[in-house]
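Accompanying notes for the structure given below.
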Amino acid sequence: MDSSIVAIVLFALGLAMGAVLVSTRYAGDLSRLARFLRERDPQSNARATVAAAPGVTELADAVNAELDRSARAHLETLRRQQEFQRDLSALSHDIRTPLMGAKGYLQLARDEEDPSARSRHLDAAAKRIDATTELLDQLFAYTKSTDPDLALELEPVALKPFVEEVLIGQYPAFEKLGWEPRVAFADADVMIEANRDALARILTNLVVNALRHGSSAPSVEEAKTGERVCLSISNGVEDPSSLDPERLFDRFYQADAARGAKGSGLGLSVSANLARAMGMELTAELAGSVLTITLAAPC
């Protein structure tokens, strides 16, 4: 047989054998990868391993990257669940405390013969029941604000009279503290697109937060920044070192020593959620002893 023909035949046989070997390697790697995915314990840290078959190695790397991402997401979910359980435990304590106090005062009122003393006990019980009602209302509002399907209907709202209405609603609290809020609007006729109920809750929560945790009367200022209207509420705080502006909108932040025992710790979180649902944003900044919370809304 001609030597050139022999060479061609041998070359063809070599190619065929090489193709068979490569095909066998690919099939083996793919089979191992499939078996690994079927049999892998979801709780294990095992990773896919393959031979050096081109392409399959990249596929294994992609599988491992996805497993890592899934593991991180799982750990984050567990962390959030544990955090939420701790927060609920703290909130349960906050709810039980005024209820037990109300029960105690009601028992005192039942056994009290003096009408004036009985009236004082009943008033004290009513205040503790009101505190419990507020906690439950904030919890309901928080649950509603975290609904992923929450859809708020927006309409044009004149911001200045809306803010003034909210401040008037808190007049007894301002009078009790001897404070007079300062209101300054660069544009008295400025309008924003908002849901009136949601905007009212946001602003009320911000004002109540300033009243409860501030050390001076708040200042409310409006200014335009580019295509946004920014409404800022600023007031002094007694212990600025105890505040973390980056956590101010976290659920149950009041459970920290920085927030004391006033309120549910849900008001600002509810406000942040409602703001996002309307395409707005709430931010907090601490400059010296002055805390400023700003609501930025599209014009």
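The values are calculated or read from the model by the stated rules, or taken from the named source; none is laboratory data. Keep in mind that what you see is a predicted model, and the values were worked out from it rather than measured. Because the Cβ atoms are built from the backbone with ideal geometry, glycine has one as well, and the counts that use them run over all protein chains shown. In case anyone asks, the SASA skips ligands and DNA or RNA and just uses the protein heavy atoms, side chains included. Shrake-Rupley method; radii C 1.70, N 1.55, O 1.52, S 1.80 Å.
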### Task
Would you check which residues across the range 159-184 are more than 28 Å from the chain's Cα centre (by Cα) and not in a helix (DSSP H, G or I) and list them?
G178, W179, E180, P181, R182, V183, A184
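Quick grid of which residues meet (1) touching a His at 6+ places or on another chain (Cβ under 6 Å); (2) assigned to a helix (DSSP H, G or I):
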{"position": "Y105", "(1), (2)": "yes, yes"}
{"position": "E113", "(1), (2)": "no, no"}
{"position": "D123", "(1), (2)": "no, yes"}
{"position": "D147", "(1), (2)": "no, no"}
{"position": "A151", "(1), (2)": "no, no"}
#### Entry: Only listed residue being modelled with pLDDT under 80 and touching an Asp or Glu at 6+ places or on another chain (Cβ under 7 Å), chosen from L91, L135
L135
### Task
Look at the range 171-185 and say how many of its residues are open to solvent by 40 Å² or more (accessible area, probe 1.4 Å) and within 15 Å of R212 (Cβ to Cβ).
4
### Message
For the range 106-126, which positions are over 37 Å from the mean Cα position of the chain (by Cα) and either surrounded by 14 or more Cβ atoms within 10 Å (Cβ to Cβ) or touching a residue at least 40 places away in the same chain (Cβ under 8 Å) (or both)?
### Response
L106, L108, A109, E112, R118, R120, H121, L122
### Message
Suppose the filter is in contact with a strand residue (DSSP E or B) (Cβ under 6 Å, 6 or more places away or on another chain), open to solvent by less than 40 Å² (accessible area, probe 1.4 Å) and among the aliphatic types (A, V, I, L, M); does L159 pass it?
### Response
yes
### Message
Among the numbered criteria (1) loosely packed, with under 15 Cβ neighbours inside 10 Å; (2) touching a residue at least 12 places away in the same chain (Cβ under 8 Å); (3) among the β-branched types (V, I, T), which one does I129 miss?
### Response
(1)
### Selected residue (criterion: surrounded by the fewest Cβ atoms within 10 Å (Cβ to Cβ)) from residues of the range 242-287 that are at pLDDT 90 or above and in a loop (DSSP other than H, G, I, E, B)
G279
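Check A141, A217, A223, A198 and return the single one that is in contact (Cβ under 8 Å) with a residue 12 or more places away in the chain, farther than 19 Å from A275 by Cβ and of a type outside the set (D, E, K, R).
Just one listed residue meets the conditions, A217.
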